[in-house]
1. Residues with amide H under 5 Å of A:W351's amide H, sequence separation 5 or more or different chain, H placed in the peptide plane at 1.01 Å from N; which?
2. In debye to the nearest 20, how big a dipole does segment A:21-122 give about its Cα centre with +1 on each Lys and Arg Cβ and -1 on each Asp and Glu Cβ?
3. Would you kindly derive the ³J(HN,Hα) couplings of segment B:65-75 from the backbone phi angles with the Karplus curve 6.51 cos²θ - 1.76 cosθ + 1.60 (θ = phi - 60°), listing them in order in whole Hz, with x for Gly and Pro?
4. Can you order the peptides B:74-87, A:395-408 by their average number of other Cβ atoms within 10 Å per residue, highest first?
5. Taking R0 as 30 Å, what FRET efficiency do you get between A:K107 and B:Y161 from their Cβ-Cβ distance, rounded to the nearest 0.05?
6. Once amide H atoms are built 1.01 Å from N in the peptide plane, which residues 5 or more positions from B:C144, or in another chain, come under 5 Å H to H?
7. Once you have the Cα-Cα distance between A:I44 and A:Y96, take 0.36 nm times their residue separation minus that, and quote the gain in nm to one decimal.
8. Say a paramagnetic label sat at a point 7 Å from the Cα of B:N78, along Cα to Cβ; which residues of segment B:41-70 have their backbone N under 14 Å from it?
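The values are calculated or read from the model by the stated rules, or taken from the named source; none is laboratory data. Quick caveat: nothing in here was measured; it's all calculated off a predicted structure. For neighbour counting, all protein chains shown are included, and Cβ atoms are generated from backbone atoms with ideal geometry for every residue, glycine included. The protein model used for the area step is the full one, side chains on, heavy atoms only, and it has no ligands, DNA or RNA in it. Shrake-Rupley method; radii C 1.70, N 1.55, O 1.52, S 1.80 Å.
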Amino acid sequence: MKWAIIHIPEKPQISITEPPSVDVFAAVIEPKLANTLVRRLNKICPLENLTHVKRVRRSSLEGGKIQLSVVLCLSHGEVEQLESIQSDILELVHAYQLSPFIAKVAKYAASSNEEWKEQCKLWPTSYHPPTYNIDGITGFSEEDSQTIFNFMKLALKLTKSGPQLENAAVIVDPSVRQIISSASDQTHSWHSLIDTTSMETGCIKQPAVFTCSQPDANAAAVRDTLLSDGVSDENKRSYTGVSCLYPRKWMEHQQNTGNTCYFHPLRHAALVAVELAAARDKHLFPGSGNMLDCSFQENRLTSSMNSPAKKQKLNLSKDEDDLDLKACSHDSCFETERPYLCTGFDIYLVWEPCAMCAMALVHQRIRRIFFAFPNPNFGALGSVQRLQGERSLNHHYAVFRVLLPEDVFDNVHS
Amino acid sequence: MALCEEENNSDSTLAFMKLAIEQANDALNNLEVPIGCVFVLDGKVISSGRNRTTETRNATRHAEMEAIDELLKNWQDNGLSAMEISGKFFKCDLYVTCEPCIMCASALAILGIRSVFYGCGNDRFGGCGSILSLHSSQGKGFECTGGIMASEAVSLLRRFYEQGNANAPKPHRPLQISK
């Protein structure tokens, strides 16, 4: 197998010519009743999972006459009798002397113009073409593909060589091909405070320090046959350390004597990378954002002046704030260069993230996600859930799987 | 998902939710999204948290995540092992002013807490029934009860969005009382 990139769409591929449909009860109505009826129906029987379906269908009869039909409610199961209709709908049916019939409507909202045209033949639906146009959905140039493979190789390197693998994440600003942050799982190595002053910015960070990693005796365990996909079988590697694959494994964590760090079941690679990206942003643009940040700095200054060293550091950061605020007032375009959270950034993950990580990446406004291996246990980008297709979320990223040559794992670690 | 009428809630449920609302108020006073929470073990509050996304510029710093960090640190400072900590989470209840989002609901399932009591529903991000049901589909799962002091929780969020979220490109957070 060679390197390749596959777009993972918002919903499973469906047949355009035979769109999945559901049965509903509908009825022809008098046009003058349309307003009243639709309002009543929306109240007593909203079409919850069918918001793309138009409540009213307008069709032209012979002689140019217009006929309106309305969706009453879902038809449940095989029962196609009126008795299965809920009572308040039945009341409406009797009050307005409607004659319900069974109609088919498209089950899912259309994702393309062609799909929409086809499903409207069943019953009219609304179609909102994607307002975003994320690079890569329609394919990558040779140069872009190469960049993507290289960043994925970097992520693979962070998975740690040796028997116990971990997930790894690299956040990248694709416009300048710069690494913003990178991390591997830190469920066993949480340093509860990030020291932003010592943080390297804009360059590749070393993989997390594994001062508290599990003893090898524990790591010998489980082979996961589900995950043979893409990883050569001869290697006796264990995936139980990949936190998105085995999120509940943390309970078996054994403490090393004289450990210097905490364990933290939620410090999956993606969350750590997001935290580092946020810390980098504060470090690079300490005074930007809003005035609120300054008041926070003040609060902390007064509340945590325990040690002289700390005091000095905080004072320093306050001075930087002041400088930056001045700089901002002189040059407001400085501020516009700072993206909001991770807007416009990509993340490379070795394994498909779990729901916690995938939602964290929605919150932080990541633009594109590239992962190498699917996560059949808890993957939230197509395997178990599909967050990129949850329309109610306030942000949507594009998701790609990067297929790797079989020997790539051995090569990056050798 | 069970929903409570105000009068059916026990005094202690309301008392804990009031503490969560205090946390949310603290967030509001610091121009953060006003959501707060407390963790309760054996009838005692053992940690609290409130949204801190603006201060940290990290949109994952929700109230729940803040309180969880505090718990994990305290327990380990007291020498508890992973097994013991897991046993504690198993007896922990969370009181939070808004339905946990998909991220937080997954996190709570990973930790294996006993139950969640929340105020208003979250029909954009909710992970306890509104969008996904992670409390019943992932890991161990947990009991979920919504609608506790929901109107107080919503009015805090309204006040926040009326004054404007200086940080967001355009404000949108769910404002809905659980049905």
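1. A:A168, A:A372, A:F373
2. With Lys and Arg at +1 and Asp and Glu at -1, about 520 debye.
3. Listing the rounded values in order: 5, 4, 5, 5, 4, 4, 4, 4, 5, 4, 5 Hz.
4. Sorting B:74-87, A:395-408 by mean packing, highest first, produces A:395-408, B:74-87.
5. Between A:K107 and B:Y161 the formula returns 0.30.
6. Counting only residues 5 or more places away or on other chains, the set is B:A2, B:V116.
7. This chain segment gains 17.1 nm when fully extended.
8. Residues B:41-48, B:70 fall inside that zone.
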